[in-house]
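Following: one structure in structure tokens, then a few remarks.
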Amino acid sequence: MDISELVTPRSVIATLQVGDKQQLLRELSGRAAKQVGIGREAILEALRSREMLGSTGVGQGIALPHARIAGLDHFFGLFARLERPINFDAIDDGPVDLVCLLLIPEQAGSGHLAALAAVSRRLRQRQVAVRLRSARGSSELYEILTGLHTADADTDSQG
């Protein structure tokens, strides 16, 4: 699975201001809800339940919060670069500043593993993470994240 199948230019946030993990999950749930047509609370509850199983902070400043969502008919990804790193209970105990939310259809089977692997592989490439942290706007973030060129994405999007 390719990241461009999960994340669109519209689902990239160049600068997200949050103070902690719970605020981040609430903010991502609200933004995702608007794009997928599923209630914010249902998304938030699913993400919180998944986090209770173990943090999705994978280290190196990266978090991949994800959950299966009832009623969702396609994979959905949302990428956010945080204005300031936050504690996310990551496996390396380091703060997180690059976040890729992944919502998975409830009946997706093992397809979610390919989606998570694709995102994780890309974000954990040191040069990709460095470039994401220094990108100037959402279109540049999207291009780095996916490896695709987009001429029409909003470079000044602040989320």
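The values are calculated or read from the model by the stated rules, or taken from the named source; none is laboratory data. Treat the numbers as computed from the prediction; the structure is a model and nothing was measured. Note that each Cβ is placed from the backbone with ideal geometry, even for glycine, and that neighbours are counted across all protein chains shown.
Looking at LEU53, LEU16 in this structure, which one is within 12 Å of the chain's Cα centre (by Cα) and not β-branched (Val, Ile, Thr)?
One residue alone meets the criteria, LEU16.
Would you call SER11 polar (S, T, N, Q), out of contact with any strand residue (DSSP E or B) (no Cβ under 8 Å at 6 or more places or on another chain) and modelled with pLDDT of 95 or more?
On the way: polar (S, T, N, Q): yes; out of contact with any strand residue (DSSP E or B) (no Cβ under 8 Å at 6 or more places or on another chain): no; modelled with pLDDT of 95 or more: yes.
Considered against the rule, which asks whether it is polar (S, T, N, Q), out of contact with any strand residue (DSSP E or B) (no Cβ under 8 Å at 6 or more places or on another chain) and modelled with pLDDT of 95 or more, SER11 comes out as no.
Could you check the range 104-151 for helices (runs of 4 or more DSSP H) lying wholly inside it with 2 or more residues that are over 17 Å from the mean Cα position of the chain (by Cα)? I'd like the intermediate steps shown before the answer.
Details: elements: 111-123, 126-134, 138-146.
Fully inside the range 104-151 and qualifying: 126-134.
Yes/no per residue for (1) in contact (Cβ under 8 Å) with a residue 60 or more places away in the chain; (2) β-branched (Val, Ile, Thr):
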residue	(1), (2)
PHE79	yes, no
PHE88	yes, no
PRO95	no, no
PRO105	no, no
VAL119	yes, yes
ARG122	yes, no
GLN125	no, no
What is the residue count in the range 14-37 for residues that are more than 27 Å from GLU143 (Cα to Cα) and buried (at least 20 other Cβ atoms within 10 Å of the Cβ)? 0
When restricted to ALA90, ALA108, ALA115, ALA80, the only residue at pLDDT 95 or above, under 17 Å from ALA32 (Cβ atoms) and not charged (D, E, K, R) is ALA80
Here the residues within the range 130-159 that are of a type in the set (A, V, I, L, M, F, W, C), buried (at least 18 other Cβ atoms within 10 Å of the Cβ) and modelled with pLDDT of 90 or more are LEU132, ALA135, LEU141, ILE144, LEU145
